[in-house]
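Quick notes on the structure that follows.
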Amino acid sequence: MRLLLPATAILLLSLAACSSDQIQHLRDTKKIAVEAANWEVKRIMPADLLHAARWAGDSLTRTADRELHRLLKAKLAEGGVAAALPYCRPESYASTDSMARILKAKARRVSSRPRTPEHLASLPAAQLQSDTARLVARPSAEVFTYQRPIVLDDALCLRCHGSVGGDITAADYALIKKNYPRDQATGYRRGQVMGVWQVELARPGVAEFYTMKTRKVMKPRPKLF
């Protein structure tokens with residue numbers, strides 16, 4: 001004879017069969033929600049991309065400038081102009097190159113009075129006003145350009161770019177001319193614009209940077225009790 005169990009008993013037996021170690025709970029649900037929000041497809045308007053190109057250009061060139069000042073300070077203290085001279089190339093630093101690859105960008109410095117001929121460029125006076133000036137453009141659907149003036153804002157830079165016989169000693173100037181025979185990058189005063197940073201950025205890098213800068217972090221819901 002088959003024994004019939006009441007429905008309540010069947011339910012209790014079923015719950016008992018599901019021991020706690022057989023139930024897998026989701027962990028870090030807040031983190032999962034944030035990641036899900038970050039993966040949402042966001043519509044980026046042309047004006048947003050122009051803003052992002054400026055942000056990206058600022059980030060790249062400012063990082064390079066900070067590293068330049070840090071290295072020059074250390075090298076000048078270590079061995080004077082002779083030690084510092086090879087490091088006055090922030091566009092070639094590994095840290096600059098690493099960030100440029102992330103942004104899909106190419107950066108260079110140019111001047112109407114450069115240290116080497118390959119950095120020579122004709123720059124209108126209107127583009128050499130102050131460090132706050134920016135030129136951001138989109139010459140094609142896939143390319144953005146960024147330009148920012150380079151201001152001599154650190155007295156250390158006068159050791160190589162100031163007045164000859166004043167800021168620059170005769171021995172140091174002879175060393176500069178030996179390494180850069182066609183040098184024109186002297187005679188500057190503190191606060192003057194020496195040239196410009198020019199950056200070319202690919203659209204995918206600009207779009208990704210915009211997403212990184214504007215992604216939303218979800219706030220936890222308030223407790224009800």
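The values are calculated or read from the model by the stated rules, or taken from the named source; none is laboratory data. These numbers were taken from a predicted model, which means no experiment stands behind them. When we count neighbours, we look across all protein chains shown, and the Cβ atoms used for this are built from the backbone with ideal geometry, even at glycine. Side chains are part of the model used for accessible areas, which takes the heavy atoms of the whole protein and leaves out ligands, DNA and RNA. Shrake-Rupley method; radii C 1.70, N 1.55, O 1.52, S 1.80 Å.
Quick grid of which residues meet (1) among the acidic types (D, E); (2) open to solvent by 60 Å² or more (accessible area, probe 1.4 Å); (3) closer than 30 Å to P204 by Cβ:
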| position | (1), (2), (3) |
| --- | --- |
| A77 | no, yes, no |
| G80 | no, no, no |
| P86 | no, yes, no |
| S95 | no, no, yes |
| L103 | no, no, yes |
| A107 | no, no, yes |
| T116 | no, no, no |
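Among residues that are touching a residue at least 24 places away in the same chain (Cβ under 8 Å) and either surrounded by 13 or more Cβ atoms within 10 Å (Cβ to Cβ) or not aromatic (F, W, Y) (or both), L128 is included. In the set F144, F209, only one residue is more than 19 Å from S92 (Cβ to Cβ), buried (at least 18 other Cβ atoms within 10 Å of the Cβ), out of contact with any strand residue (DSSP E or B) (no Cβ under 8 Å at 6 or more places or on another chain) and not acidic (D, E); that residue is F209.
Okay, residues lined up against (1) small (G, A, S); (2) farther than 24 Å from R190 by Cα; (3) free of Cβ contacts under 8 Å to residues at least 60 places away in the same chain:
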position	(1), (2), (3)
S95	yes, yes, yes
L103	no, yes, no
K106	no, yes, no
R109	no, no, no
H119	no, no, no
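Among residues of region 53-66 that are aliphatic (A, V, I, L, M), those with a beta-carbon under 6 Å from a residue that is modelled with pLDDT under 95 and open to solvent by 40 Å² or more (accessible area, probe 1.4 Å) at least six positions away or on a different chain give the pairs L60/M99.
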